[in-house]
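Just below is one structure, and these are the notes that go with it.
Laboratory data are not the source of any read-out in this text; all were calculated from the coordinates shown. Please read these numbers as outputs of a predicted model, since none were measured by experiment. Note: ideal-geometry Cβ built from the backbone for every residue, glycine included; neighbour counts use all protein chains shown.
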Amino acid sequence: MADTKEFVAVVDSNAKKSPRRIVFITRRTSAQVKTETEDQVQTFPEVLFRAAIAIQVLTIVLVWTSLIFNAPLEGLADPSHTPNPAKAPWYFLGLQEMLHYFPPVVAGVLAPGLVVMALIVIPYFKVNIEAEGFFTKDRERRLRIFYAVAAVLVVFLGTFHVIVAMVPTLIMAGLMLLASQSSAQSPSAFRRYLAAKPLSYWVMTWFLLELMVLTAIGTFFRGPGWSWVLPWKAY
Amino acid sequence: MAKTADQYFDDLRETRVWRSIFRSGTGASTLKRALAIQQNVFLHLFSTKVRTRMLSFSATWYLGTLTLGTFFILVATGIPLMLYYHPSVPQAYYDTKDLQFVVSSGLFLRNLHRWSAHAMVFLVFAHMFKVFYRGAYRTPREFNWVIGVILLLITLLLSYTGYLLPWDQLAYWAITVGSNIASAVPLIGNKIHFLLLGGNSVNANALLRFYVLHCMILPLTAIFFVAIHFWRIRKDGGLYAQSSEPAVLRSRPVASEKEAQ
């Protein structure tokens, strides 16, 4: 028969001798302290039912689309007959548009590689954690840096004649200039909004605009020999 | 008095068979509802409770849910499509033609698969930007953001590999253009190109490789990472809601709720 164990709370570091534990809460591993409580709902059924409805609405939209529009199907693949233009799937047309201006190693490898790397490291850089307006602190120095970066970008894009990528760059530069001239006390809501935006917002929005513009141009405005065409005109 | 549908359902849930399948038992108490999530192998990836304000449309636009929805549709349409498809040249093209003109509802199946695939790529991008603008990648959610980026790449690869399968001119040349980019990688570009296509140009080997990637390897990889993605939402404290974050995790106090959106 096993000995009757006596449970007495003592402080002892010898685990074999007295298999009792005392929890040491160190700073690094302390349990998260709730600072405030919030209204919560049960995942089942509240959230799951909403998700189901969202997916049903999506399905209805996609089923209708599929009933109305047919997926494209061209002739049998023919390696000896290259269509002009030969286009990649739409989500790669931004890249293909860049290939028109830059050598393949830059547009096809360096640029997408850097974008993926940049996306991965976003949460690990303090600049992306900051939530303060970019120009609210150290305004003069940051304006100088902004001017320099904007000028380098515009010159770089101009050198390679990438006019289509220059347009979003200039729009963003204009908005950033407006932000630098605005503050939380600005009379217009739009300017207060701009003034509150951190650097990460500006970089990401510039990237989003470039992505949309390049993809749209590659998809709709490029014809034979990657020449500029208007989407409503047959080529 | 006649029983209502709800009562019939309650009776069903009390049966021995039902109780043997679903571990959580019946009842509408908070405990039972929590158990319905926590005791289910699939649903236990989610939290048992969610902050009420995260249910509002503006918080997430339901983009993650909708992306999952497109994935469900793609699996549901992709499996029957596989039954009518041979990954060989030129049979692949004739199978696609048959889907279009011979197989009952084949055209609809293919349309739904194709448009859902485009929708998924779009929704994954939209989801990423929404998460970014909400600042939801912040501590302790860094790694879930990284998994999200991996899922974005997997989605692009899934769509890209599927693009070749109809083996028409559109498919052939789109993949030719895309795969040529791989050749531009310094030093090992041609080797990567060869590995991807199983040859120096898009051919029958490439079709088979893309088929295996599209129907087996990439979907399984996607499911693996999606499971981690969902589980991490729960482990990282639920959907991101700025003002409920412990103060110690913030880099500095946030001025207002609006700023966090």
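What to note about this one:
- Long pairs among A:197/B:49; A:126/A:197; B:130/B:235; A:87/B:97, criterion Cα-Cα beyond 25 Å: A:197/B:49
- Put a dot 7 Å past the Cα of residue A:49, heading toward its Cβ, do the same for residue A:216, and the two dots end up 4.0 nm apart.
- Taking Cα atoms only, the orientation of helix B:142-164 departs from the longest principal axis of chain B by about 40 degrees.
- Within the shell of other residues whose beta carbon sits under 14 angstrom from the beta carbon of residue A:217, the net charge comes to 0, with Lys and Arg scored +1 and Asp and Glu -1.
- Crossing angle, helix B:91-101 versus chain B [Cα axis fit, 0-90 degrees, rounded to tens]: 60
- In order through the stretch B:26-42: 3J(HN,Hα) via Karplus (6.51 cos²θ - 1.76 cosθ + 1.60), integer Hz, x for Gly, Pro: 9, x, 9, 5, 4, 4, 5, 5, 5, 5, 4, 7, 6, 9, 10, 4, 7
- Cα Rg, Dmax (largest Cα-Cα span) when computed across the stretch A:90-226, Å: 16.5, 52
- Taking θ as phi - 60° and the Karplus parameters 6.51, -1.76 and 1.60, the scalar couplings of the stretch A:189-199 work out to 5, 4, 6, 4, 4, 5, 5, 8, 8, x, 4 Hz in sequence order, x denoting glycine and proline.
- Sequentially through the stretch A:55-62, phi angles give Karplus couplings (6.51, -1.76, 1.60; θ = phi - 60°) of 5, 5, 4, 4, 4, 4, 4, 5 Hz, Gly and Pro residues having no value and appearing as x.
- Selection from B:64, A:223, A:89, by position along the positive dipole direction of the protein assembly as shown (Cβ): B:64
- The protection proxy used here, the mean number of other Cβ atoms lying within 10 Å of each residue, ranks peptides A:86-94, A:48-56 as follows, highest first: A:86-94, A:48-56.
- Cα long-axis angle, helix B:5-14 against chain B (0 to 90 degrees, to the nearest 10): 90
- About the centre of its Cα atoms, the protein assembly as shown shows a dipole size close to 1460 debye [charges on the beta carbon of Lys, Arg (+1) and Asp, Glu (-1) only; nearest 20 debye].
- Close amide H partners of residue A:222, meaning residues 5 or more places away or on another chain with modelled amide H under 5 Å apart, are A:229.
- Among B:44, B:127, the order by Cβ neighbours within 10 angstrom, fewest to most, reads B:44, B:127.
- Between A:135, B:94, B:80, the Cα set farthest toward the positive side of the dipole of the protein assembly as shown (charges on each charged residue's Cβ, about the Cα centre) is that of A:135.
- Convex hull volume per residue for the protein assembly as shown, taking Cα atoms only, in Å³: 283
- Shape category assigned to the stretch B:14-76 from the gyration tensor of Cα positions, a/c cut at 1.5: oblate
- Selected from B:38, A:157, B:162, residue furthest toward positive end of dipole (the protein assembly as shown; charges at beta carbon): B:38
- Inter-chain Cβ neighbour average for residues B:177-188, partner chain, 10 Å: 5
- Förster radius 56 Å - calculated FRET efficiency between residue A:177 and residue B:79 (Cβ-Cβ, nearest 0.05): 0.55
- Rg/Rg_globular for chain B, with Rg_globular taken as 2.2 N^0.38 Å and Rg from C-alpha atoms: 1.27
- Residue by residue along A:91-98, Cβ atoms of other protein chains within 10 Å of the local Cβ number 3 on average.
- Shielding of peptide B:75-84 by partners, expressed as the average count of other chain Cβ atoms within 10 Å per residue Cβ, is 0.
- In this structure, the amide hydrogen of residue A:40, modeled 1.01 Å from its nitrogen in the peptide plane, lies closer than 5 angstrom to those of B:52, counting only residues at least 5 positions away or on a different chain.
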